[in-house]
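Accompanying notes for the structure given below.
Values in this text are rule-based calculations from the coordinates and carry no lab data. As the structure is a computational prediction, the values presented were derived from the model and not from experiment.
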Amino acid sequence: MNEIKSGYNFLIKENSVQVTSSTNPGINQAIWRNIWDATVPNKVRNFLWRVCKNAIPTKSNLVQRKILTEGTCDHCQASPETALHALWECPKLSVVWEEDNQWSFRRNTSFPTFQALVQHVIAEGASRKATSVNKN
């Protein structure tokens, strides 16, 4: 009986994730196409896809699955460790992201999810590409 209940709960949760993530299917299709068409190693594409789907073992995800009881970031001790926080927002990452000026928007732009960050980076890349083509 317990297995049926947990299977049912999994399907209900999975269905709600699909409904909320498909509010704008055109954007979702574009981001997945950009990820899978990127000229990077397969492991990078796979990682980006998993992070955008919130399918990596961050502390927040592990707390939600009742594997951990504490979801605070080990590095800054200030925020929950979500995918976005662990890879982008954590103040301890400043030394990494501020090394290259193209990531300077990190200081004054916030994103609700890692997927939104990836969409922004893709849009900025397309915008820069169009600008460089127009200059030539």
**Where Cα atoms sit under 30 Å apart: lysine pairs in region 35-135 separated by 8 or more or lying on different chains** = 10
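If you build the Cα gyration tensor of region 35-135 and take the root of 5 times each eigenvalue, what three semi-axes come out, in whole angstrom, biggest first? Don't skip to the answer; put the middle values down first.
On the way: eigenvalues 157, 60, 22 Å².
Semi-axis lengths for region 35-135 are 28, 17, 11 Å.
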